[in-house]
Every structure is written in structure tokens, then in C-alpha cells.
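Asks: This is the structure I want to talk about, given as C-alpha cells.
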Amino acid sequence: EHHDRMRKVEAFARHWSRRCFLVSFPLLRLPVAAQEGSVLASVAKHYTDPSTEFEVVRWTDPAYACYFPNHYCRFVARKHKFLIYGSTRTGTMQACQLDLSNGRRRSLTGERQLDGSSLTLFPDDRHFAYFAGDTLWKENLGHLRRRSLYRVAGGWGRGEGFALSRDGRYATVPETNGRRFRIRLIDLH
């Protein structure tokens with residue numbers, strides 16, 4: 001079986017011409033799944049707004065969707081150095097960090113079922129929280145290690161919304177079970 005595969009690869013390689021090889025280079029620009037922590041090139045574009053004539057900077061590429069978290073979630077760092085947001089650049093919703101001084105972007109997660117609306121910075125600006133499925137995660141922005149903080153109990157599902165207290169000690173999560181609802185207060189320390 002191994003020899004058959006090798007013969008097929010060799011036959012395929014013989015049909016590659018220099019022209020085919022050179023034509024394949026544009027394929028290298030296709031989007032690929034960014035790994036956690038990988039730095040993504042800036043796609044910032046400066047242009048003049050036609051109605052106001054002010055210079056505007058577009059920080060993201062319109063080829064993929066980008067979302068801010070819910071309005072009550074804190075997603076801009078205290079000194080306005082960076083912000084976190086959700087992006088579908090890799091094909092699934094993932095958390096990204098945008099450096100507001102130079103437009104550099106960094107992929108933060110590689111989760112399935114990440115809820116981009118739940119992204120929230122902790123008060124220290126070194127950690128952020130998010131829901132992926134029914135699990136609440138806390139992740140360090142420096143080394144991207146994460147730990148589970150809470151999991152919705154069996155028979156219950158997570159409702160809309162999620163909030164973190166100002167001091168980062170508590171979180172509130174609405175849960176639903178058919179026609180019943182409850183709000184969980186989670187001690188994070």
C-alpha cells in the first residue's frame with residue numbers, strides 16, 4: 001500500500017511544469033486557520049469619508065465578519081491600548097485582540113462553539129472570559145493558558161447574556177430549562 005501511494009505521488013510530481021508551479025503561488029494567500037497566539041498582519045486601511053471629509057481607519061477586512069461583545073461586557077483595555085472582539089476569519093467564531101496603536105491583530109482562541117458576544121476583559125486587563133458551549137473559560141492574554149471557571153448543570157442550558165462584576169470576582173449567567181429560568185451567581189475566586 002505504501003509503494004502504491006509513492007508511485008501515485010511520483011506520477012503526479014512528473015506532471016508539474018514550471019508554469020504550474022508558479023501559478024500555484026496565489027493559492028498560498030488563501031485564509032488558513034490561525035493558531036492560538038499567532039500574530040495576524042494588519043489590514044488597516046486609511047481613507048477619507050466622502051460625507052464628512054474626515055480621515056477614517058478601517059481596522060478589519062470586510063471579507064469576514066467581526067463582532068464586538070455585548071455592550072455591557074468590557075472589551076476595551078483601560079488605557080485604550082487594545083480591544084478584544086470576535087471574528088470569523090478562520091471559518092468559526094474566535095476571539096482576537098487588536099492593538100489600537102499599530103493595528104496588529106492576534107488570534108486568542110481555537111474553540112468550538114465560542115460565543116463572541118460573551119467576551120469580557122477582567123479588571124486587570126491581563127485575562128479575559130468567554131463562553132464556549134456551556135463552559136465559562138478564563139484565559140490569560142500573555143501566555144494564553146485557560147482554565148474552566150463554570151459549567152452549566154445537566155438539564156439546564158445557558159440563556160442569553162453573561163456579565164462580570166466590576167472587581168472580576170463574580171459572574172452572572174442566566175440559565176433555562178424549558179419554561180423555567182434562573183440566574184446563577186458564580187464566585188470566581
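Asks: Report, by residue number, each residue of region 108-130 that is within 11 Å of Ala95 (Cα to Cα) and either more than 11 Å from the chain's Cα centre (by Cα) or among the small types (Gly, Ala, Ser) (or both).
Replies: Of everything in region 108-130, those that are within 11 Å of Ala95 (Cα to Cα) and either more than 11 Å from the chain's Cα centre (by Cα) or among the small types (Gly, Ala, Ser) (or both) turn out to be Gly110, Gly116, Ser117, Ser118, Thr120, Phe128, Ala129.
Asks: Against the definition (within 30 Å of His46 (Cα to Cα), charged (D, E, K, R) and either modelled with pLDDT under 90 or over 21 Å from the mean Cα position of the chain (by Cα) (or both)), how does Arg105 come out, yes or no?
Replies: In short, yes.
Asks: Those residues that are farther than 18 Å from Thr120 by Cα and either modelled with pLDDT under 90 or open to solvent by 70 Å² or more (accessible area, probe 1.4 Å) (or both), I need them from region 156-182; list them, please.
Replies: Within region 156-182, Gly178, Arg179, Arg180, Phe181 qualify.
Residue-wise test of (1) over 17 Å from Phe122 (Cβ atoms); (2) open to solvent by 60 Å² or more (accessible area, probe 1.4 Å).
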| residue | (1), (2) |
| --- | --- |
| Ala65 | yes, no |
| His71 | yes, yes |
| Phe75 | no, no |
| Lys79 | no, yes |
| Ser87 | yes, no |
| Thr90 | yes, no |
| Leu98 | yes, no |
| Asn102 | yes, yes |
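Asks: Additional query: How about region 134-145: which of its residues are under 19 Å from Thr92 (Cα atoms) and either modelled with pLDDT of 90 or more or open to solvent by 50 Å² or more (accessible area, probe 1.4 Å) (or both)?
Replies: Asp134, Thr135, Leu136, Trp137, Glu139
Asks: Here's a follow-up. Condition first: out of contact with any Cys (no Cβ under 6 Å at 6 or more places or on another chain), more than 30 Å from Lys79 (Cβ to Cβ) and of a type in the set (Asp, Glu). Can you find one or more residues in region 124-137 that meet it?
Replies: Yes: region 124-137 contains one or more residues that are out of contact with any Cys (no Cβ under 6 Å at 6 or more places or on another chain), more than 30 Å from Lys79 (Cβ to Cβ) and of a type in the set (Asp, Glu).
The values are calculated or read from the model by the stated rules, or taken from the named source; none is laboratory data. Remember, predicted model here, so these are calculated numbers, not experimental data. FYI the Cβ positions are ideal-geometry reconstructions off the backbone, even for glycines, and counts take in every protein chain you see. SASA here: full protein model, heavy atoms, side chains in, ligands and nucleic acids out. Shrake-Rupley method; radii C 1.70, N 1.55, O 1.52, S 1.80 Å.
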